[in-house]
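Read through the structure below, which is laid out as structure tokens, and then see the notes.
The values are calculated or read from the model by the stated rules, or taken from the named source; none is laboratory data. What you see is a predicted model, and the numbers here were worked out from it, not measured in a lab. We place every Cβ from the backbone using ideal geometry, glycine too, and count neighbours over all the protein chains shown. Just the protein is used for accessible areas: all its heavy atoms, side chains included, with ligands, DNA and RNA removed. Shrake-Rupley method; radii C 1.70, N 1.55, O 1.52, S 1.80 Å.
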Amino acid sequence: MSATPRVSVLVAAYNGEAFVGEALASLRAQTARDFEAIVVDDGSTDRTASIVAAVATTDERIRLVRQGNGGTQAARNTALAAARGTWVALLDQDDVWLPGKLEAQLALADADPRANLLFTNYRSWDGSRTLGTRYLRRDRFPEGDVAVELARSCLFQASTVMLPRGLAVELGGFDPTLRNAGDWDLWLRLASRGIEALGAFEPLVLYRVWGGNESRDHVRTAVERVAMLEKALARGQPARLRAACTRWLGHARAQVELARAAKRLDDPAFVRASLREALRHDPTAKRVLEWLAVALPAPLGGRRTAALVHAKLARKFGE
């Protein structure tokens, strides 16, 4: 391993014994070899640390750091502080890189020195079969200055992203209070400074979909999105990005109310109150209007059955 590896891979691990070995195997199978990996065991109570330690004894590029549990973003910050590479890349403990992932992104870096966020397309995957590809159309691929789009959507799955290490440090790393949205928050802070995204359209990451995905906590995710946008509006940034954050903040607040209502379908009064709040925050939101058509008649005692409401919401919120 070179004294200054080209890429430092940041791996946050917590009770990941079922998957972390596969994630590290995909890292070691990369065709680009000039990297280091800092795996931070974030207070695991299972065999995660011993699995990583065993791999590290056979590959000097992999280092294990252990700390008390502080959450994914705190673990990423610990890894970032220990990193030495020119670039830092994220790899979640339950995801898998295909062998050409790093090589493709380093080629992008060499081709365009303006790029400050490198990413790839990815496939959702349940461990055995593909569930879908994130970007199916090249004209929808989020490259270039995507600051305004980032106010609406995260755009980049964490395990696909690389960015300059110095820039990640300068931006302050990851916000540990945003356990689910900490990566999105960092992309948005980069957008405030000027983002130039460049990606490989070929899917080179497998994003594992399973019951342990933190993003499945829809209330927390929605609440954190509001906090992220409020943070963005509290700092200086270009007028067009400020306008986009303002626009989508109302939508995000409405989503909090809808996510909370989805947990309390047996409480009609709560559902009605949540819907009123959602409409107050974003009266034109398509999903709010869908809720009015689908969910509201049941709490009001209409002919729609609770089973229908539950089925509709399960499809919308993945529960």
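Quick notes on this structure:
- On the stretch 180-267, 53 percent of the accessible area sits on carbon and sulfur atoms, based on a 1.4 Å probe.
- With 5 Å bins beginning at zero, the pair-distance distribution over Cα atoms of the stretch 14-85 amounts to 4, 17, 28, 27, 19, 6, 1 %.
- Ordered from highest to lowest accessible area with the whole protein assembly present and a 1.4 Å probe, D267, D139 read as D139, D267.
- Heavy-atom accessible area order for F270, F174, largest first, 1.4 Å probe: F270, F174
- With 0.36 nm allotted per residue and the present C-alpha distance subtracted, the R47-E103 stretch has 17.1 nm of extension available.
- Here the stretch 24-85 exposes an accessible surface that is 53 percent carbon and sulfur, computed with a 1.4 Å probe and the other protein chains kept in place.
- Taking a ≥ b ≥ c as the square roots of the eigenvalues of the alpha-carbon gyration tensor, the stretch 184-256 is classed oblate because a/c is 1.5 or more while a/b is no larger than b/c.
- The distance between label points at A82 and R193 comes to 2.4 nm (points 7 Å beyond Cα on the Cα→Cβ vector).
- To the nearest 10, the accessible area of E149 is 90 Å² with a 1.4 Å probe.
- Shape call, the stretch 127-240: gyration tensor on alpha carbons, a/c limit 1.5: oblate
- Rounded tilt (10° steps) of 182-193 against the dominant C-alpha axis of the chain: 80
- Rolling a 1.4 Å probe over the heavy atoms of the protein chains gives the stretch 85-196 an accessible area of 39 Å² per residue.
- Computed from backbone phi with θ = phi - 60° and the Karplus coefficients 6.51, -1.76 and 1.60, the 3J(HN,Hα) list for the stretch 272-282 is 4, 5, 5, 5, 4, 5, 4, 5, 5, 6, 8 Hz; x is used for glycine and proline.
- Normalised contact order of the chain, rounded percent, pairs of Cα under 8 Å and 6 or more residues apart: 16
- The Rg/Rh ratio of the stretch 158-225, with Rg taken over Cα atoms and Rh as the Kirkwood radius over Cα pairs, comes to 0.99.
- Separation of alpha-carbon centers, the stretch 21-84 and the stretch 183-259, rounded to whole Å: 26
- Descending semi-axes in Å of the stretch 10-49, equivalent ellipsoid built from Cα gyration tensor: 21, 11, 5
- Value of Rg/Rh across the chain [Cα atoms, Kirkwood radius]: 1.00
- The stretch 80-154: C-alpha gyration tensor shape, a/c 1.5 cut-off, then a/b vs b/c: oblate
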